[in-house]
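**Student:** Structure in structure tokens, see below.
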Amino acid sequence: MGFRYEDLELPQQEMNMGEFDGIQERPEGRKKMPLGMKVLFISLIIIGLVYLYLFSPLTTGWKQADQYQKRMEAHTTAVITHEVEEVASGMAETRDKYGSAIYQAHCAMCHGEKLEGGIGAVLTGPKFIYGNALADHIRIITDGTTNGMPGFKKQLGPEKIHAVAHYIQTYHAQ
């Protein structure tokens, strides 16, 4: 014979359908959504679909890589213009100036104008991840790294790579 929950007599409260805590729902409230809510819901879905269509990269042709390429080209053009002005005025005669101008044109976008870093690593030292010697700098600029830096062998060529490596080395020595 033990205790059974069903044997308990609990007072039954009468609850009408839709009534809770003294608040009574309208019977039609459970059956349909108000017209204003339907209009808002459908219009938000339509606006979302139109937005996706108008501003999708597939319909606009916008690509992040293209934006990056445009910024790099603008930066390179500005620096090359500045470099040509320096060469024309006779200011860029030394190897350091040449390396600095190439650095500003091709490297400053990622490594900062004063080698302070940004997207790329800081190049002011005192120690570098891939080596401190001039040959290490040349190898990294030529071949790139596994951490995201591309190689610049084709873009710059050996003479410009040596000039940039020398610039980084002399900047580090200061």
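**Student:** Residue by residue through segment 11-32, note down the ones that are loosely packed, with under 10 Cβ neighbours inside 10 Å, of a type outside the set (D, E, K, R) and at pLDDT 70 or above.
**Tutor:** Going residue by residue through segment 11-32, those that are loosely packed, with under 10 Cβ neighbours inside 10 Å are 11-17, 20-23, 26-28, 30-32.
From what's left, of a type outside the set (D, E, K, R): 11-13, 15-17, 20, 22-23, 27.
Selection gives GLY22, ILE23.
**Student:** Looking at GLN67, is it part of a loop (DSSP other than H, G, I, E, B) and modelled with pLDDT under 85?
**Tutor:** Numbers: part of a loop (DSSP other than H, G, I, E, B): no; modelled with pLDDT under 85: yes.
It is false that GLN67 is part of a loop (DSSP other than H, G, I, E, B) and modelled with pLDDT under 85.
**Student:** Kindly evaluate GLN69 against the criterion of being loosely packed, with under 10 Cβ neighbours inside 10 Å, within 30 Å of ILE119 (Cα to Cα) and within 26 Å of the chain's Cα centre (by Cα).
**Tutor:** no
**Student:** Could you list all residues from segment 119-128 that are more than 13 Å from TYR103 (Cβ to Cβ), surrounded by 11 or more Cβ atoms within 10 Å (Cβ to Cβ) and under 24 Å from the mean Cα position of the chain (by Cα)? It would help to see each step written out before you state the result.
**Tutor:** Just the residues of segment 119-128 that are more than 13 Å from TYR103 (Cβ to Cβ), to begin with: 119, 121-122, 125-128.
Imposing the further condition that a residue be surrounded by 11 or more Cβ atoms within 10 Å (Cβ to Cβ) reduces the set to 121-122, 125, 128.
Hits for segment 119-128 are ALA121, VAL122.
Condition check ((1) among the aromatic types (Phe, Trp, Tyr); (2) on the phi > 0 side of the Ramachandran plot; (3) not in a helix (DSSP H, G or I)) across all residues:
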{"position": "TYR98", "(1), (2), (3)": "yes, no, no"}
{"position": "LYS127", "(1), (2), (3)": "no, no, yes"}
{"position": "THR142", "(1), (2), (3)": "no, no, no"}
{"position": "GLY148", "(1), (2), (3)": "no, yes, yes"}
{"position": "PRO158", "(1), (2), (3)": "no, no, no"}
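**Student:** Something else about it: I'd like to check something: does segment 85-107 contain any residue that is assigned by TED's automatic domain parsing to the domain that holds ASN147, closer than 22 Å to LYS154 by Cα, at pLDDT 75 or above and within 21 Å of the chain's Cα centre (by Cα)? Break it down into steps so the answer makes sense when it comes.
**Tutor:** Filtering segment 85-107 for residues assigned by TED's automatic domain parsing to the domain that holds ASN147 gives 85-107.
After this cut, where a residue has to be closer than 22 Å to LYS154 by Cα as well, the list is 95-107.
Still in the running and at pLDDT 75 or above: 98-107.
Applying the additional criterion that residues be within 21 Å of the chain's Cα centre (by Cα) yields 106-107.
Yes - at least one qualifying residue is present in segment 85-107.
**Student:** Here's a follow-up. Among the numbered conditions (1) modelled with pLDDT under 80; (2) surrounded by 10 or more Cβ atoms within 10 Å (Cβ to Cβ), tell me where LEU49 comes up short.
**Tutor:** (1)
The values are calculated or read from the model by the stated rules, or taken from the named source; none is laboratory data. Remember, predicted model here, so these are calculated numbers, not experimental data. As a convention, Cβ positions derive from the backbone with ideal geometry for all residues, glycine included, and neighbour counts pool all protein chains shown.
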